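Have a look at the structure below, then the notes.
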Amino acid sequence: MFSNESPELEVEDDFERFSQVDDVFCRSFWDPEIRTDKSDLFYATYRKPLAKWRKANGFTQRDYALRNASWHVSDVFTEMYESQGRRDGFQDPLSMLREGAPQKLPPVSASEGSAEVKKVGKLFGADLVGVTEFDERWVYTERFDHLTGEAKPNDLPDGLSSVIVIGQAMDADLIQTAPSALAGAATGLGYSQDAAVLLGLAQYIRNLGYEAVPSMNDTALAIPLAIAAGLGEYGRHGLLITPEYGPRLRFGKIFTDMPLASDKPKLLGVKEFCEQCDRCAQACPAKAIPFGEPTPVALNRSGLKGVNKWSVDGEKCFSYWTKINSDCAVCVRICPWTRDYSKAWNRAWRQLAGTRLRGLMLKLDDRLGGGKRLKSGNWWSSKSPSS
């Protein structure tokens, strides 16, 4: 069982490593059960600045214009080698790196090395940085080739010993407009910022003479690595809940052989809280988030088998995205852990939510209208966006 390393994830004896080919987004390119006219249109809306979209709050041309612009930096890297079957950041690691130094500059100690990469990562714009040991269980058995629609080897250099996990907070007010194209701008901006941070930090490590493979959605499952790196705890909605931002983050990682000290998993009381709270399951438009207890059973081929956890139905989730022509994020908005922790009251709520008073904190959040949707027009008319 995995509980000694990460108490909120339990790996069963029938655990199977995951193939990226079975990821629901990859399946939307090759699997007729997932790829439809709606899914093709869904992807097209991220590329074409059409004059008319939907007559709905949060889905105007202006909303889509912002969303698509927020993805632009990430898209530059993703589309650079599509003709070669690569999609950097989503099916393949980010590859725009220079050669590193021929000799390794050893850190004073592994602890100093970790402190160093965290400092540099935050200098480059990361909101959270954690370190964990390289764990092959979370590495994809194979990658997806965008050109052929088939599997290809998931090659990684030998000798990798650590994974640096990067967290990028998504804009709070944009998320509050979910579901909307406007909320999708928070996602795109998170990925674009993530790409810049990962490339910069990876190049720094290479300049010290070490191997560094920067990865966004490709190569390995990010959430188990983020949990092991001490960044947060797993929630009912299948997202990582952190003490700094709740579930309002995107994650990237860097695989390296640089000597680094690992962080310890962090228990916040999220599992016990989620056992009492099913707000995300009730609010999910696709009915993709489970009620009840965690289970190690994979719901479909896009699920992970043999890890006892709450598992979101990726097929239902993606199907809803194609209906609204944008990603959803209702579960992030509605989650009681999505709050502004710069405020003393919310920090007090977080502390009490991890205790036996969690039920009272949940009721209090309900009474105060937590998770209320922000109208997109109100976001546009506000004086300045949130940080």
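The values are calculated or read from the model by the stated rules, or taken from the named source; none is laboratory data. Small disclaimer: the values here were computed from a predicted structure and weren't measured. Note that we place each Cβ from the backbone using ideal geometry, even for glycine, and neighbour counts take in every protein chain shown.
Descriptive notes on the structure:
- For the stretch 277-338, the helices (runs of 4 or more DSSP H) that sit wholly inside it and include 1 or more residues that are β-branched (Val, Ile, Thr), touching a residue at least 24 places away in the same chain (Cβ under 8 Å) and within 28 Å of residue 349 (Cβ to Cβ) are 330-334.
- Residue within the stretch 83-100 that is among the aromatic types (Phe, Trp, Tyr) and more than 30 Å from residue 376 (Cα to Cα) present: no
- Within the stretch 85-139, the set of residues being in contact (Cβ under 8 Å) with a residue 24 or more places away in the chain, assigned to a loop (DSSP other than H, G, I, E, B) and among the hydroxyl-bearing types (Ser, Thr, Tyr) comprises 109 only.
- Hits in the stretch 287-302 - residues which are among the small types (Gly, Ala, Ser) and either over 19 Å from the mean Cα position of the chain (by Cα) or surrounded by fewer than 21 Cβ atoms within 10 Å (Cβ to Cβ) (or both): 292, 298
- Residue satisfying all of: in the stretch 98-110; small (Gly, Ala, Ser) and surrounded by 13 or more Cβ atoms within 10 Å (Cβ to Cβ); farthest from residue 259 (Cα to Cα) among these: 100
- Only one of the listed residues (322, 338) is farther than 29 Å from residue 125 by Cα and out of contact with any Cys (no Cβ under 6 Å at 6 or more places or on another chain). That residue is 322.
- Residue 348 being of a type outside the set (Lys, Arg) and more than 28 Å from residue 44 (Cα to Cα): yes
- Verdict on residue 40 being crowded, with 19+ Cβ neighbours inside 10 Å, modelled with pLDDT under 95 and on the phi < 0 side of the Ramachandran plot: no
- Scanning the stretch 323-341 for residues being of a type in the set (S, T, N, Q) and modelled with pLDDT of 95 or more gives a total of 1.
- Entry remark, the stretch 339-371: residues being at negative phi and part of a loop (DSSP other than H, G, I, E, B) number 11 in total.
- Scanning the stretch 252-268 for residues being surrounded by fewer than 24 Cβ atoms within 10 Å (Cβ to Cβ) and at pLDDT 95 or above gives a total of 6.
- Verdict on residue 204 being in contact (Cβ under 8 Å) with a residue 40 or more places away in the chain and over 17 Å from the mean Cα position of the chain (by Cα): yes
- Scan of the stretch 211-226 for residues that are buried (at least 24 other Cβ atoms within 10 Å of the Cβ), under 11 Å from the mean Cα position of the chain (by Cα) and not in a helix (DSSP H, G or I), ordered by number: 216
- Criterion (of a type outside the set (Phe, Trp, Tyr), within 24 Å of the chain's Cα centre (by Cα), under 30 Å from residue 39 (Cα atoms) and surrounded by fewer than 16 Cβ atoms within 10 Å (Cβ to Cβ)) met by exactly one of 323, 375, 316: 323
- Tabulated pairs, the stretch 24-41, first polar (S, T, N, Q), second outside any helix (DSSP H, G or I), C-beta under 6 angstrom, 6+ apart or interchain: 28/34; 28/35
- Within the stretch 45-85, the set of residues being aliphatic (A, V, I, L, M), surrounded by fewer than 17 Cβ atoms within 10 Å (Cβ to Cβ) and modelled with pLDDT of 90 or more comprises 65, 69, 76, 80.
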